[in-house]
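These notes concern the structure reproduced below.
The values are calculated or read from the model by the stated rules, or taken from the named source; none is laboratory data. Bear in mind the structure is a predicted one, so any value in this text is a computation, not a measurement. Here Cβ is always computed from backbone atoms with ideal geometry, including for glycine, and neighbour counts include all displayed protein chains. Side chains included, ligands, DNA and RNA excluded: accessible areas come from the protein's heavy atoms. Shrake-Rupley method; radii C 1.70, N 1.55, O 1.52, S 1.80 Å.
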Amino acid sequence: QMLGDGGPNRTVLRALADVMPVYDRTIDVIVATHPDQDHISGLIDVLNRFSVSAVLESGVNASTNAYQILEKTIVEKKVPRILARRGMRIVLDEYIYLDVLFPDRDVTNMETNTASIVAQLHYGYTNVMLTGESPKAIEKYLVSLYGKALHSDILKPGHHGSKTSSSPEFIAAVAPEYAVISAGKANKYGHPNQETLDTLKQFDISILRTDKSGAVVFQSDGFDVRVINGE
């Protein structure tokens, strides 16, 4: 079981309760894509409520209170930390693994969004592309490195569907069947941006939005994926 980011508050606990049985208090790996407060604050409660085997981090630093508390909690709970680097593979189970595509360098002093972990989750012949808040410059860099190997059935567009992410080059390379945009309902930033929605529609991609549908759940048999919750 892998958890990617934790949102801005403890509502992540309710989300986990919806998909995990009450007796299961373990998470194999938490992926903290970057240390912005709206992505990591909820992880503090998760670490205090669950037995977590490892935390995958980009290595970028932040001065926020949430980041300081998170790092302190990881140390206090003695959770092993893994520094994400390109080429790393996290094996979750037979036929299920996470490949880290970025960062490929020391990102200690890099802007937090730019330093986001970008990773591709594989299950059998199906793939999911997870991008954090990675901007267009990194997307284009990844296209130059991987090309069509970026192809994934599901894409979580970067930065909540902001126009700073989801370049046409990247969308064309990933060529997903589904794009799942994680954004708060009536959020003050206006996410997702219409430019991003237009780009996704240009490639005839089915768009699912948490601000409209709430949680989106997929099911895969390793060959195909289908939506079982979310419209």
Requested in this report: With a 1.4 Å probe and every protein chain left in place, tell me how much accessible area ASP45 has, in Å² to the nearest 10.
Outcome: 40 Å²
Query - Computed [θ] at 222 nm, deg cm²/dmol, the chain (DSSP H ≥ 4; -39,500 (n - 2.57); rounded to nearest 500) - result: -8000 deg cm²/dmol
**Report entry** Relative contact order, percent, segment 59-173 [alpha-carbon distance under 8 Å, six or more residues apart]
**Finding:** 19 percent
Report task. List the GluC sites (Glu not before Pro) within segment 85-173 that fall in a DSSP loop (any state other than H, G, I, E or B) and whose Cβ has at most 13 other Cβ atoms within 10 Å. Result -> GLU94, GLU111
Report summary line: In whole percent, the fraction of accessible protein surface over the chain that belongs to carbon or sulfur atoms, probe radius 1.4 Å, stands at 51 percent
Report summary line: Taking a ≥ b ≥ c as the square roots of the Cα gyration tensor eigenvalues, with a/c under 1.5 meaning rounded and otherwise prolate when a/b beats b/c or oblate if not, segment 120-231 comes out oblate
Query raised in the report: Tell me, what are the semi-axes, in whole angstrom and largest first, of the equivalent ellipsoid of segment 52-179 as set by the roots of 5 times the Cα gyration tensor eigenvalues?
Result: 25, 19, 12
Report task. Can you tell me the relative contact order of segment 93-149? Whole percent, Cα pairs under 8 Å, sequence separation 6 or more. Result -> 31 percent
Report summary line: Note on segment 1-98: contact order normalised by length, alpha-carbon pairs under 8 Å, 6 or more apart, percent, works out to 27 percent
**Report entry** 1.4 Å probe accessible area per residue over segment 93-188, in Å²
**Finding:** 42 Å²
Query raised in the report: log₁₀ I(q)/I(0) of segment 94-149 at q = 0.16, 0.26, 0.30 Å⁻¹, via Debye over equal Cα point scatterers, no solvent, to two decimals?
Result: -0.51, -1.09, -1.28
Query raised in the report: To the nearest Å, what is the center-to-center distance of segment 39-82 and segment 148-189, using C-alpha atoms only?
Result: 26 Å
